[in-house]
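The values are calculated or read from the model by the stated rules, or taken from the named source; none is laboratory data. Quick caveat: nothing in here was measured; it's all calculated off a predicted structure. Here Cβ is always computed from backbone atoms with ideal geometry, including for glycine, and neighbour counts include all displayed protein chains. Remember, those area values only see protein heavy atoms, side chains included, never the ligands or the DNA or RNA. Shrake-Rupley method; radii C 1.70, N 1.55, O 1.52, S 1.80 Å.
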Amino acid sequence: MQIHLNGSPKTITDSTTVAMLLHELGVPSTSVVVELNKTIIQPDCYATTSFQDNDQMELIRFVGGG
Amino acid sequence: MLTIGGHTFNSRLFLGTGKFSSSTVMKQAIEASGTEMVTVALRRVDLENPQDDIMSALDRDKCVFLPNTSGARNAEEAIRLAHLARAASGSSWLKLEVTPDPRTLLPDPVETLKATEELVRAGFIVLPYMNADPILALRLQDVGAAAVMPLGSPIGTNQGILTAFQIEIIINQARVPVVVDAGIGAPSHAALAMEMGADAVLVNTAISVAGDPVAMARAFAQAVEAGRTAFVAGMGSRSKQAQASSPLTGTLATDLGFLA
């Protein structure tokens, strides 16, 4: 299936969870926030949250800023 | 001592973390500044550099972490960013920024007021970035802003305090701390804001892009302290006429009358 990750299309297998995707991307789960279709996913739900076709996922983190 | 949102600050210099050449320089500048409040922004993870993480370079035991909502163009986007910030930081501190025009980055007063009201209700400690509008400052404190952050001049311009007249009114009226934010380009600008009675200043660009950011951070710390001390000491009033600082009696001209 296809989802949109940070605005770009991304193809994943049907059984992929948020935890699996973060692992595949090499993103440490402790330093990011996951938003799925504008709802924040709590870290303890990463392993049990899977995707629907066309889901909009945002991976956000802190950067330097004023 | 300065207290915002129930937290007491010894340093009245707040630091932005943008535009530093490396996290090592940023860390050293934070240290040299003595700051106890640093701002950060939220952005999409760069999937090419997934390990890149500013949090590991910041000591949250020493500094309050103040996430901003930069990039938000209206209240709705700012509120969405605020909730992401709270999820990422685990705290409710928030510098609210709503800047619809990327050319000026001037804050939208209507959307800022709307977002402040809603975020205060949702339990955030809101420090809104605002134009130096005294009436807006009152409205923001009325809806529960923990401090107000009027701009000296537009973000990143290093133009200094172009809004001194209005900031003075804001300071005189405010029941919440006034943090002068944006446009402060030199230690003298920071000192001026503090001499006027601002409770703190927030500086980023002037330090992060300086030739030596660590030395500049130190210079700002000294300026903020000097300005604050001067304000507390009580500054003399201004006059259009000369006021002699030496005694006017007993001068040579009086004693030796023929000189008169």
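Within chain B, count lysine pairs with alpha carbon atoms under 29 angstrom apart where the residues are 8 or more positions apart or belong to different chains.
Lysine pair count for chain B: 7.
Once ligands and nucleic acids are excluded and a 1.4 Å probe is used, how much of B:Lys19 is accessible, expressed in Å² to the nearest 10?
Looks like 120 Å² after rounding.
Can you put B:Glu77, B:Glu48 in order of accessible area, largest first, using a 1.4 Å probe?
Result, largest first: B:Glu48, B:Glu77.
Tell me the accessible surface of B:Thr229 in square angstrom (1.4 angstrom probe, heavy atoms of protein chains only), to the nearest ten.
Ignoring ligands and nucleic acids, B:Thr229 comes out at about 90 Å².
Remind me, relative contact order of chain B in percent, using alpha carbon pairs under 8 angstrom and six or more residues apart?
So the answer I get is 18 percent.
For the protein assembly as shown, what proportion of DSSP beta bridges, expressed in % and rounded to the nearest 5, is antiparallel?
45
For A:Val63, which sequence-distant residues (separation of 5 or more, or a different chain) have an amide H within less than 5 Å of its own amide H, given hydrogens modelled in the peptide plane?
Amide H neighbours of A:Val63, under 5 Å, 5+ apart: B:Ala41, B:Leu42, B:Arg43.
Using +1 at the C-beta of Lys and Arg and -1 at the C-beta of Asp and Glu, which of B:Leu202, B:Thr99, B:Ala230 has the Cα lying farthest in the positive direction of the dipole of the protein assembly as shown?
Projecting each Cα onto the dipole axis, the largest value belongs to B:Ala230.
What nm distance separates the two modelled labels at B:Gln51 and A:Asp53, each placed 7 Å from Cα along Cα→Cβ?
Modelled inter-label distance: 3.8 nm.
Just tell me how shielded B:200-207 is by partners: mean number of partner chain Cβ atoms within 10 Å of each residue's Cβ, no decimals.
Mean partner shielding for this stretch: 1.
Using only the Cα atoms of chain B, each taken as one equal point scatterer with no solvent, compute I(q) by the Debye sum, divide by I(0), and report log10 of the ratio at q = 0.08, 0.10, 0.11, 0.16 Å⁻¹.
-0.34, -0.50, -0.59, -1.20
Which three semi-axes in whole Å describe the equivalent ellipsoid of region B:166-260, each the square root of 5 times a Cα gyration tensor eigenvalue, listed largest first?
40, 19, 10
Among B:Met26, B:Ser246, B:Pro128, whose Cα lies farthest out toward the positive end of the dipole of the protein assembly as shown, if unit charges sit on the beta carbon of Lys, Arg (+1) and Asp, Glu (-1)?
B:Ser246
Just to verify a number: FRET efficiency for A:Gln2 and B:Gln28, C-beta to C-beta distance, R0 = 35 Å, to 0.05?
Step by step, r from the Cβ atoms, then E = 0.20.
Among DSSP beta bridges whose residues both lie in chain B, state the antiparallel percentage, nearest 5.
Percentage antiparallel, nearest 5: 10.
Using the crude model of +1 on Lys and Arg Cβ and -1 on Asp and Glu Cβ, and no other charge, please compute the dipole size for chain B relative to its Cα centre, in debye to 20.
That gives a dipole near 180 debye.
Report the charge-dipole magnitude of chain A in Debye, nearest 20, computed about the Cα centre from +1 at each Lys and Arg Cβ and -1 at each Asp and Glu Cβ.
Dipole about the Cα centre, nearest 20: 200 debye.
Could you sort the peptides A:48-61, B:207-220 by per-residue average Cβ neighbour count (10 Å cutoff), highest mean leading?
B:207-220, A:48-61
Measure out, as a whole number of angstrom, how far apart the alpha-carbon centroids of region B:90-145 and region A:10-58 sit.
After rounding, the separation between the Cα centres reads 31 Å.
Measure nothing fancy, just the Cα-based angle from helix B:23-33's long axis to the longest principal axis of chain B, in degrees from 0 to 90, nearest 10.
Around 40 degrees separate the two axes.
Kindly provide the helix-only [θ] at 222 nm of the protein assembly as shown, computed as the sum of -39,500 (n - 2.57) over DSSP H runs of four or more divided by all residues, to the nearest 500 deg cm²/dmol?
Computed mean residue ellipticity for the protein assembly as shown: -9500 deg cm²/dmol.
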